[in-house]
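Asks: Encoded as structure tokens, here's the structure I'll be asking about.
None of the figures in this text is laboratory data; all of them are computed from the coordinates on show. Keep in mind that this is a model prediction, so the values were computed, not measured. We place every Cβ from the backbone using ideal geometry, glycine too, and count neighbours over all the protein chains shown.
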Amino acid sequence: MRISNARKNDIFLIGGIIIFALIALLLAFCFLGDSGDTVVVNVDGKEYARLPLGEDTELLIVGKDGETNLLVIKDGKARITEASCKNQICVRTGTASALKTIVCSPNRVIVSIEEGE
């Protein structure tokens, strides 16, 4: 079976459009996707802080009985890097994204991401 030149050109055109669309979506996701997201910190069931996910910052969270967690927001990702609790599960959880929450049960700290508009 032989493919005509016009048919080849159509295939190249469609392929180029698909590649261009994928690149545009990737760029939009990278630069616009997280711009409105907010990191919400709750301590013992009460809101403690709201921070923009797009701004690099550090926050020392004072939890139950003076226990502490260090929240670091960097490059559009949030994570707890230090905790005074024994089990360190919150530190090992890694970074939080729109579908992930970090919990430190001993200190009663919950860090979650609210998606922007």
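Asks: Using per-residue counts of other Cβ atoms within 10 Å, averaged over each peptide, order 60-72, 4-16 from highest down.
Replies: On the way: 60-72: 15.9, 4-16: 9.7.
Going by the mean number of other Cβ atoms within 10 Å, highest first, we get 60-72, 4-16.
Asks: Using alpha-carbon pairs under 8 Å, 6+ residues apart, how would you state the relative contact order of the chain in percent?
Replies: Numbers: 197 pairs, mean separation 26.3, N = 117.
Once normalised by length, the contact order is 22 percent.
Asks: So for the chain, taking the charge dipole from beta-carbon charges (+1 Lys/Arg, -1 Asp/Glu), which of 91, 14, 62 sits furthest toward the positive end?
Replies: Working it through, the farthest residue towards the positive pole turns out to be 14.
Asks: A further question on this structure: What is the helix-to-structure angle for 5-32, meaning the angle in degrees between its Cα long axis and the longest Cα principal axis of the chain, kept from 0 to 90 and rounded to the nearest 10?
Replies: Once rounded, the angle reads 20 degrees.
Asks: Just 102, 17, 80 to compare: in a GNM of the chain, with alpha carbon springs under 10 Å, which one fluctuates most?
Replies: Among 102, 17, 80, the largest mean-square fluctuation in the Gaussian network model of the chain belongs to 17.
Asks: Calculated from DSSP H runs of 4 or more alone, at -39500 (n - 2.57) each and per residue, what is the 222 nm mean residue ellipticity of the chain, nearest 500?
Replies: Working: 2 runs with 32 residues, N = 117.
So the helix-based figure for the chain works out to -9000 deg cm²/dmol.
Asks: Mind pulling the per residue volume of the convex hull built on the Cα atoms of the chain? Å³ is fine. If you can, show how the numbers build up before the last one.
Replies: Numbers: hull volume 15.5 nm³, N = 117.
So the per-residue hull volume is 133 Å³.
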